[in-house]
Amino acid sequence: TPLALDVAREILYVPAANPAPDFPVDERGGTNLYTSSVIALEARTGRVLWTTDLVERFQSQWGVWGLAENLLVEDNRVYCMAGGAKGRVVALDPRTGETIWVNAALEYPAAYCSPAIIALTDGTSAS
């Protein structure tokens, strides 16, 4: 699992995949806590600061390996390729996990790819 560390805030971001993605949810025992989520941990202690269930919030649809991508921490945002009907690419607040920005215009679901920031010639950027 690729991790992202926000050194300035001392927060570790963890993308959590499915516990057993080959099996339907009703056939897996337990609560499946944090499945298909982004988890923010206090880096020094491991205390959970917030979690975001990507399936619940963005209707993410994963392949066999669940959330298998890097997260990107940039410009006070945590970028994630959520791959859902309500958010293909999303930016979360690094302190709270609240949604800052959503791109639902892309027609393709998640594809095990990582976000990148690209500087455009007009001085703006795109993700």
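Data table
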| read-out | value |
| --- | --- |
| Qualifying residue in segment 10-19 (condition: touching a Ser or Thr at 6+ places or on another chain (Cβ under 8 Å), of a type in the set (Ser, Thr, Tyr), within 24 Å of Trp101 (Cβ to Cβ) and at pLDDT 80 or above) | no |
| Residue match in segment 100-112 (condition: open to solvent by 70 Å² or more (accessible area, probe 1.4 Å), modelled with pLDDT of 90 or more, hydrophobic (A, V, I, L, M, F, W, C) and closer than 21 Å to Arg9 by Cα) | yes |
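The values are calculated or read from the model by the stated rules, or taken from the named source; none is laboratory data. Model, not experiment: these values are computed from the prediction. Because the Cβ atoms are built from the backbone with ideal geometry, glycine has one as well, and the counts that use them run over all protein chains shown. Keep in mind that these areas ignore ligands, DNA and RNA; they rest on the heavy atoms of the full protein, side chains included. Shrake-Rupley method; radii C 1.70, N 1.55, O 1.52, S 1.80 Å.
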